[in-house]
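The block underneath contains the structure these notes are about, expressed in structure tokens.
The values are calculated or read from the model by the stated rules, or taken from the named source; none is laboratory data. In this text the structure is predicted, and so the values were computed from the model without any measurement. Cβ coordinates were reconstructed from backbone atoms using ideal geometry, including for glycine residues, and neighbour counts include every protein chain displayed.
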């Protein structure tokens, strides 16, 4: 989705305006970040999405100026103001908005950095507005909801040259960096398969729950935003939106950018040639499944052989478990997990593999590496071959300051380099959400993917989910 270089703020925001309100014309800034530091050498920050994860963003802004917050649920602002007061920040300065489009219109010139912690369907639009206005952007994972949005965000970040960061903290930590160094050194030889799993079950089954009034203080139209309108109902707010195609990306969207990050990075993955749902449980035309096993087929690239990437998601092996806000009765072990995981747990019980919520197995010619969610708890087997080197040099940079401070420091310095810029984060997001296409196709239907041209070649109806239309007034 290309945009002309002379696209100005008036034209962009007119497409996103709530009404015919007059908008000040400000040219889009295709130049290095002009807002390196706000008043008193601090950033003027805006928070979009003030729920659970948003409060973590707010904590990270300590020491900066928090000038605005946008959230369709008005009671959220009580928590924001209280948090600011508890940290001796200027809570009286905070401006609040139900709609971030109005925030950008009224305070666009005052904001230096935007932090986005809203549901997935509200990632791409505010990020695009912010970048076009020359603002630095930190956005939670996945950085967007569709493949087309991922391409668009990468392109705009490259043009505007602002600092961007996808909230993928594991990418900054030791685990995945050490993994990359092990893979580069050929510790387990060439890797031909990976098996990743999570116990999340962000989906559901059955029809849409009955409509009901939105909670008091909720601007429901602003919550729906660019997605197709529907009345409020259960299993949406505040967290269950993950399980609906119109708003989230299922368990892959919730955990994929964390768990798949190591293999995507270390094995230098580009475009897969196909994606397939080998097994699925639950789900519907509107809901993601509560469990599935997916496979990406990745062609050979450079010195790396062809690769099969497996993804397993599902409920914990308990008698009851909550999925999509609904309590389900589960018989026996309902998790989709790699069979090899059970074998490794039996052979190496001290590694506590059975207790890992998520992780990845890397299958190489000489052995296996397995890691936890963020590349932590890394082990190399078989132990008797002594494949784990004790003196392997550290060749990748380390970011001791953490992902939030890494972004803030880049903004203050007027730099674009961050640990997880949109250039990388959007590519990882694209790879992950391709799994949603396989889930939409259903079990046993291989989705043939033409990555360079961004289209499904054998099931053309799926292209409607590659690049989706937006509700009038919310065009990205």
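Does residue 372 fit the bill of being under 18 Å from residue 181 (Cβ atoms), crowded, with 20+ Cβ neighbours inside 10 Å, within 32 Å of the chain's Cα centre (by Cα) and in contact (Cβ under 8 Å) with a residue 60 or more places away in the chain? Here the answer is yes, as residue 372 does meet what is asked.
Return yes or no: is residue 152 without any contact (Cβ under 8 Å) to a residue 60 or more places away in the chain and within 23 Å of residue 247 (Cα to Cα)? Criteria not met by residue 152.
Given the conditions (1) surrounded by fewer than 21 Cβ atoms within 10 Å (Cβ to Cβ); (2) assigned by TED's automatic domain parsing to the domain that holds residue 359, report the number of the one that residue 257 does not fulfil. Unmet for residue 257, out of (1) surrounded by fewer than 21 Cβ atoms within 10 Å (Cβ to Cβ); (2) assigned by TED's automatic domain parsing to the domain that holds residue 359: (1). Only one of (1) touching a strand residue (DSSP E or B) at 6+ places or on another chain (Cβ under 7 Å); (2) within 29 Å of residue 468 (Cβ to Cβ) fails for residue 161. Which number is that? Unmet for residue 161, out of (1) touching a strand residue (DSSP E or B) at 6+ places or on another chain (Cβ under 7 Å); (2) within 29 Å of residue 468 (Cβ to Cβ): (1). On inspection, residue 141 passes the criterion of being touching a strand residue (DSSP E or B) at 6+ places or on another chain (Cβ under 8 Å), assigned by TED's automatic domain parsing to the domain that holds residue 58 and in contact (Cβ under 8 Å) with a residue 24 or more places away in the chain.
Give the residues of segment 95-110 that are assigned to a loop (DSSP other than H, G, I, E, B), over 16 Å from residue 66 (Cβ atoms) and touching a strand residue (DSSP E or B) at 6+ places or on another chain (Cβ under 9 Å), sorted by residue number. Across segment 95-110, the qualifying residues are 98, 99. Looking at 225, 217, which is the one that is touching a helix residue (DSSP H, G or I) at 6+ places or on another chain (Cβ under 6 Å) and more than 30 Å from residue 387 (Cβ to Cβ)? Selected residue: 225, the only one of 225, 217 that is touching a helix residue (DSSP H, G or I) at 6+ places or on another chain (Cβ under 6 Å) and more than 30 Å from residue 387 (Cβ to Cβ). Number of residues in segment 151-170 that are within 19 Å of residue 411 (Cα to Cα) and crowded, with 23+ Cβ neighbours inside 10 Å equals 11. Looking only at residues in segment 348-384 that are in contact with a strand residue (DSSP E or B) (Cβ under 8 Å, 6 or more places away or on another chain) and part of a helix (DSSP H, G or I), the one that is modelled with the lowest pLDDT is 353.
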